[in-house]
Amino acid sequence: MAGIALFDLDRTILGCNSATLWVKRQVREGKMSRWDAAKMAAMIGLYQLGMGNVDDGVRAAIRGLEGQHEADIRAQTDLFWHEEVAHRVRPGVHSVLDKHRALGEPLWLLTGSSTYLSAQVIEALKLDGTICTTFEVKDGIFTGRGELCYGEGKLVAAHPVLKAHGVSVEECTFYTDSYTDLPVLEVVGRPVAVHPDPRLARHARAQGWEVEDWGLA
């Protein structure tokens, strides 16, 4: 039976961290203070080195959405994707997707990014679904609560999808750049480091895992 091919988004499919671009855009548009942006940038920097824990920062960002209209965030994200992110898809991604399609394997994002950005990626790359950070919405308004898809949480969030497809985690491939995704990498049948951060690069070499270069966007 074919497994599922799972893909991280930032610095894996994309040659950038979309959160960094989003923060810069929010500052330019006057929707985020420079102080808050600096704190977020420091957190993202540590994360990219495989050293940071983004839980608190992301949960704070989710709480900050309380009272806002979901339709507004969806529209902002759509514009953000087309203006700043779409052209940053790594060129080597497409051949990898085609290989898994030829094997009859579903293609899913497994990312800490939002539902709204994930939807744009799914449409652009013709993927089958996403496992991502979600936000609670009531009557079109954010409640300030949500479910974070990060670290061990990625594995927990993936289980219902695998079960629905009748696939075990050992039958899956996972592509990521980040050491923080170790909980998933260590249990899938085929772990692949793509443009890995320093800690993941060392770990991948020690474990004999595949390391791939998908090029710069």
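Throughout, read-outs are computed from the coordinates displayed, never taken from laboratory work. No experiment lies behind these values; they were computed from the predicted model shown. Neighbour counts are summed over all protein chains in view; Cβ atoms, including those assigned to glycine, are modelled from backbone coordinates with ideal geometry.
Report the FRET efficiency, 1/(1 + (r/R0)^6), for ASP98 and ARG202, where r is their Cβ-Cβ distance and R0 is 25 Å, rounded to 0.05.
On the way: r = 30 Å, r/R0 = 1.22.
Efficiency at R0 = 25 Å is approximately 0.25.
If you project the alpha carbons of region 165-217 onto the principal axes, what extent comes out on each, in Å, largest first?
Taking the Cα atoms of region 165-217, the three principal extents are 34, 26, 18 Å.
Tell me the angle of helix 198-207 to the major Cα principal axis of the chain, expressed in degrees between 0 and 90 and rounded to the nearest ten.
Long axis of 198-207 versus the principal axis of the chain: about 20 degrees.
List the residues, sorted by chain then number, that are 5 or more residues from PHE7 or on another chain and whose placed amide H is less than 5 Å from its amide H.
TRP108, LEU109, LEU110, TYR175
Between GLY67, GLY189, PRO106, whose Cα lies farthest towards the positive end of the dipole of region 5-212 when Lys and Arg beta carbons carry +1 and Asp and Glu beta carbons carry -1, centred on the Cα centre?
Final value for the positive-end residue is GLY67.
Using a Förster distance of 35 angstrom, determine the FRET efficiency expected from the C-beta separation of ALA2 and THR143, and round it to 0.05.
Details: r = 38 Å, r/R0 = 1.08.
Calculated transfer efficiency: 0.40.
Any idea what the dipole of the chain comes to, in debye rounded to 20, about its Cα centre with Lys/Arg Cβ at +1 and Asp/Glu Cβ at -1?
With only Lys, Arg, Asp and Glu charged at Cβ, the dipole is about 420 debye.
Give me, ordered by chain and number, the residues 5 or more places off GLY146 or on other chains with an amide H under 5 Å from its own placed amide H.
Correct list: GLU136.
Find me the longest stretch of the chain that has none of the exposed trypsin sites (Lys or Arg not before Pro), where exposed means in a DSSP loop (not H, G, I, E or B) with at most 16 other Cβ atoms within 10 Å. The partial results should precede the final answer.
Numbers: sites that count: LYS31, LYS126.
Counting at most 16 other Cβ atoms within 10 Å as exposed, the longest clean stretch of the chain is 32-125.
Rounded, prolate or oblate: pick one for the chain, where a ≥ b ≥ c are the square roots of the eigenvalues of its C-alpha gyration tensor, a/c under 1.5 means rounded, and failing that, prolate if a/b is larger than b/c, else oblate.
Details: a/c = 1.62, a/b = 1.41, b/c = 1.14.
It comes out prolate by the Cα gyration axes.
By how many nm would the segment from ALA164 to GLU123 grow when fully extended, if each residue of separation counts as 0.36 nm and the alpha-carbon distance is taken off? Before the final figure, lay out each step's value.
Working: separation 41, 0.36 × 41 = 14.76 nm, distance 2.17 nm.
Extending this stretch completely gives an extra 12.6 nm.
If I stretch the segment between ARG190 and ALA75 completely, what's the gain in nm (0.36 nm per residue apart, minus their alpha carbon distance), one decimal? Display every interim value, and only then the final one.
Values: separation 115, 0.36 × 115 = 41.40 nm, distance 3.64 nm.
In short, 37.8 nm is gained.
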